[in-house]
1. Taking amide H atoms as placed 1.01 Å from N in the peptide plane, list the residues 5 or more away in sequence, or in a different chain, whose amide H sits under 5 Å from that of residue 412.
2. Name the long-range amide H neighbours of residue 557: under 5 Å, sequence gap of 5 or more, or other chain; modelled H, no Pro or chain starts.
3. Among the lysines, which fall within straight-line cross-link reach of residue 256, defined as a Cα-Cα distance under 29 Å, with same-chain neighbours fewer than 8 residues apart omitted?
4. Using alpha-carbon pairs under 8 Å, 6+ residues apart, how would you state the relative contact order of region 440-580 in percent?
5. Distance from a point 7 Å along Cα→Cβ of residue 387 to each backbone N in region 450-475: keep the residues under 13 Å and list them by number.
6. Let me check I've understood the local charge: for residue 38, count other residues with C-beta under 15 angstrom from its C-beta, Lys and Arg +1, Asp and Glu -1. What total comes out?
7. If you average the sequence gap of Cα pairs under 8 Å that are 6 or more apart and divide by the length of region 122-249, what percent do you get for the contact order?
8. Quick one: order 333, 114, 608 by neighbouring beta-carbon count within 10 Å, fewest to most.
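Throughout, read-outs are computed from the coordinates displayed, never taken from laboratory work. For clarity, every value in this text was computed on a predicted model and none was experimentally measured. Ideal geometry is used to build each Cβ from the backbone, glycine not excepted, and the neighbour counts take in all protein chains shown.
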Amino acid sequence: MIVRVALPVPLRQPFDYQIDDALNPQLGLRVRVPFGSRQLIGIIWQLNPTDSFDLTALKVVSELLDATPVIDAELTQLLNFAADYYHHPIGEVYTTALPALLREGRAQDAVQARQLVALPDADTAGLKRAPKQLALWQQLQQGPLAETLLIGQSQTVQALVDKQLVQWQLCPLEPYSYQAELQAPLPLNPAQALAVAAIHQAKQQFSRFLLEGVTGSGKTEVYLQAITPFLRQGLQVLVLVPEIGLTPQTLSRFAKRFAVPMQVWHSNMTDHERLAAWQASQTGAAAITIGTRSALFLPFKQLGLIIIDEEHDASLKQQEGFRYHARDLAIKRASLVQCPVVLGSATPSLETLYNVQQGRFAHLQLPERATNAQVPRIELLDLKQQVLTHGLASGTIARVKQHLARGEQVMLFLNRRGFAPALICHECGWLTECPRCSAFTTYHKQSRQLVCHHCGTSRTVPRQCGGCGSTQLAPVGQGTEQLEEQLSQLFPEIAISRLDRDSTRRKGALEQRLNDINDGACQLIVGTQMLAKGHHFPNVTLVVIVDVDGALYSSDFRAGEQLAQLITQVAGRAGRAHLPGTVLLQTHYPGHPMLQDVIQNGYASYARSALLERQQAQLPPYLHLALFKTESLKPEVGPQWLQLLANAVREAGLPVQLLGPVQPPLERKAGKFRWQLQLYARDRKALHQALALLLNDFGQHALTRQLKWQLDVDPLDLN
């Protein structure tokens, strides 16, 4: 028998092998096969293809690894669609859907479900000085906890095991059973009730909803009440969040409401934890899965509802390798399993709003804050002719002092980590540049390193200027590390918490800092984009956006949309409880039309005008976009290769507009010269015909071997 196998190699085709039909090969089973001098793990993609080679010319499958498929028929349809739409090698797409241990050939039944149980008559006197252990012990008094709910608490769990207070217990993987809710649902306002009713009516049929609500409007409560009837029927629910930072907070909120097995899925999990979560989804043991974008590919036994929180967030788009958008594929998966999908956001993407205009999505709106809290007041602070102290205007500092004096919390947002964007020589103007990129290296004072945030290159801070030899080097610009240091000088008696990628690198650091903020242990909060969405800080009454101007005049046509979303999301962290909130925007351009529109009329008004601009300029979502990117050691290779592609499209006569070859703003990265070719088409089918044509022909070009190229369909990042 001949089987066509999808292998994890960057080649756009499956490969044929022969196998003993007595082994009963099926679609979706894993096989170990010879590939050159290696043995690879692949997935059976097709049985007895009619266009195969002669049986005697084919290599033999080394081993059949499964008795039942690891990828079922529904997931196979999704992955095949994704490979076709994003024009990505089928084997790499299939590999994305499997946890690492299964990709390595681990048996499916190698991991059994475990739950943590409290031992009876245990002596807990020693837990008074260990609050985390005591909290977990008290939680276990309500009943066993599945291992998937304890991710990130391994040290606490092990400490309790060592003290012989708890033990692991094996339990069978079987579909969950619904139990009564742990907490009564909150009362809903009319808009929330209407949204919940609409989602309930769409049960077990494909429906698309946009849940647009101002920050603090109670979208999570709508999710919780919408989920309940699905759980009562034994259906599974997938909740996609854009970032790991939102996962523990969302899980905690759901776990307080429902007495059903839940699990998380994100990149910080171990391989063992991922396999356990994968199997819990496959067997129906996990009722609710809360995860980042790759959770979309889990093999749910009976998926009933998909929720995408913060659907506008760019983190839902994979930027390396298989460049899929989790939001778009989630909608496709919902159509395959005939279930509703809910997209939630206070600042929906223009693509989603366009779909609402076209009648493809039902629009559910939450125009008011659920707790009757006031929407924060946004004020522009003109920086022109003002004296700045550590990047803050005197008026800003005075407002911060007022709020701190009342015992309230203040958040300062600066979307640039590190101490300063560069070091400058005061004598000749020389700047610290990355030797491998056309970018400056960021100065990190705590580690005494210059780090390129594009390629990761780092080196120690030089003693002398690389231009004139002077020792007069000083930081230029500002980052969160510098802002934290300077605030500690301005407010020496106030505790400060900084949240960025550097300060939350260690496991559990983010959760600890968020707990400190919610407990009131720090009054000043400094952070980057990870502060902008999803977090509920009831005591924050003032939010300062330190630098608004960076995105006002960008070459990226999406920069305005992203800035408007960022302002609205960051502003939503203020005044979420009974205290009124204020937002200060520091800018040199207070009269900018986009800022005025967002502040005076709100994001919805700006989005309508931005859509009109996109329509007039013939940009997405009114046209469909694909992007070829190249990187090469020789600067002339990229544009020559891309010009060949452009010529091929023109010769084919397809209705596709071309822009390029052009260099992106970051012309050189990691020592390689970068070029790109943008393809626009009004008709999506014509665009994909052009891409298929180019991908069939590019291997004929000798230049292909001299560069690295990538294709990004529906790209978000043109830089």
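1. Under 5 Å from the amide H of residue 412: 525, 526, 527, 544.
2. Counting only residues 5 or more places away or on other chains, the set is empty.
3. Straight-line reach from residue 256, under 29 Å: 128, 132, 163, 203, 219, 301, 507, 533.
4. On the way: 139 pairs, mean separation 22.8, N = 141.
Dividing the mean separation by the residue count of region 440-580 yields 16 percent.
5. In region 450-475, the label zone of residue 387 (backbone N under 13 Å from the point 7 Å along Cα→Cβ) covers no residue.
6. Working: positive: 32, 59, 103; negative: 63, 104.
Net charge in that neighbourhood comes out at +1.
7. Numbers: 46 pairs, mean separation 26.8, N = 128.
RCO, region 122-249: 21 percent.
8. On the way: 333 24, 114 17, 608 14.
Neighbour counts put them in this order, fewest first: 608, 114, 333.
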